[in-house]
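All remarks here apply to the structure that follows.
The values are calculated or read from the model by the stated rules, or taken from the named source; none is laboratory data. As the structure is a computational prediction, the values presented were derived from the model and not from experiment. Cβ atoms come from the backbone with ideal geometry, glycine included; neighbour counts cover every protein chain shown.
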Amino acid sequence: MSNHACTLDAYSPAGRAVYVDTARGGKLHTVFDGEKVFTVRSLIEIHAEDVYIDVLHPEIYREVLEILKRGVRVYLLREIGLIKKIREEKRMEKSDENDAIALSQIPPRYFRPLSVKEMERKIRLNSLVNYYANLVRLKKTLSQWLANSRVWMNSLKDVGEYIPWTGVLEKVNLLREPLSNSIKILEEYIKELAKIVVEEAEKTEVYGEVLRRIGLSSSISLALQILRLQTIKDPRSVSVASLTGLYGYRPASINGRYDHRLRELNENLALQLYSLARSGSLKETSSNKKIIEMALGMDRCNAVYRIGRELVKIIAEACQEVYSGGAGRNGDSVGKSIKIPRCIVCGDIGVDLGKVEKKDVALCLDCARKLLPRMRKLLKAASRVQGGGM
């Protein structure tokens, strides 16, 4: 058993604390109080001094804020993969009940406290990002309807004499002018709202750092990504592997579950960088050389996908650089995050194998078992080559 596992086994819960496997989509939360497992519709129904949760879904932001204002201490698990590790060590089946019990076996230092200030900011930023996205979606829908209406009216000219109710459609056609004016108003409003979104993103050092690396001065797509990351994930503990999964660039390991809005925003930015690189308008930096090479050396579809993956890597590395040194720009104490070895193949928690070319390398047991036969063949081949004097 690893030292990491021994550390986890050493802790047993005590006191007025409960452990919650949080749910989303209107499902019930599963709670373990140290003795029994039960379910609640809302976290507000829980009466305890300390509440430990596994995941902070946007759907429960207001619930968490309310119990924090009530004086309850709420702690969020830093590494969700620890629950799976506990289940495997205890040979527990996957279930909401077992996840809540497994959560209780993780020492407090693997959690971080949530605050009223943080939750209020998350709620505000989440609402801002959603509001902007909904307005853009509305404008797109109205613009599409307006474009389609022209096609419909052209078709009406050919069959109008055979349709007895053409007058109704002609009245509908009168909506096109006010609709067109409404779209123009929306466009102006979206531009003003975009300035607010970018101003919020500029309050985070990560936004400016990523812009510097990719060679842009401003980007609404990147601003929305950074703000959304601020609301759904702790940027102080991100890794390349975790963000790759969150953005859906590692679908095999997450069964296709990823943040579709983040992926869409990232693809929009990737497409913008592709177009700028192709036209020679993208300022070259030490970090975006790969992006330029991809844009110039691949077809559009493959280039945008590969650029998207490279962007996720850049965002993750920028987060690690910005938050590795202590307090952020807003004065929040971030400290040093607990470094947990991540498997280089699947991204799950693994065993530290040391450094290779100054990079940490780790493997989980599942991937190690799969690679073992190939490694044996490689060693045999290397021995034959060495024995032949080559």
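Yes/no matrix, rows are residues, columns are (1) part of a loop (DSSP other than H, G, I, E, B); (2) under 21 Å from the mean Cα position of the chain (by Cα):
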{"site": "A23", "(1), (2)": "yes, yes"}
{"site": "F38", "(1), (2)": "no, no"}
{"site": "H47", "(1), (2)": "yes, no"}
{"site": "K85", "(1), (2)": "no, no"}
{"site": "E89", "(1), (2)": "no, no"}
{"site": "K94", "(1), (2)": "yes, no"}
{"site": "N98", "(1), (2)": "no, no"}
{"site": "A102", "(1), (2)": "no, no"}
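One residue stands out in segment 24-49 among those that are surrounded by 13 or more Cβ atoms within 10 Å (Cβ to Cβ) and of a type outside the set (A, V, I, L, M, F, W, C): the one that is farthest from D99 (Cα to Cα), namely E45. If only residues of segment 4-21 that are part of a helix (DSSP H, G or I) and of a type in the set (A, V, I, L, M) are counted, the one that is modelled with the lowest pLDDT is A5. Residues in segment 221-253 that are more than 23 Å from F111 (Cβ to Cβ) and at pLDDT below 85 were compared, and the one that is surrounded by the most Cβ atoms within 10 Å (Cβ to Cβ) is R250. With the structure loaded, tell me whether Y207 is modelled with pLDDT of 90 or more, more than 18 Å from L271 (Cβ to Cβ) and of a type in the set (S, T, Y) or whether it fails that test. Yes, satisfied. For beta carbons closer than 6 Å, sequence separation of 6+ or different chains, a first residue in segment 284-295 that is part of a helix (DSSP H, G or I) and a second that is crowded, with 23+ Cβ neighbours inside 10 Å, the qualifying pairs are I291/L273; I291/I307; M294/I307; A295/Y274.
Residues in segment 277-292 that are under 26 Å from the mean Cα position of the chain (by Cα) and either among the aromatic types (F, W, Y) or surrounded by fewer than 19 Cβ atoms within 10 Å (Cβ to Cβ) (or both): T285, S286, S287, K289, K290.
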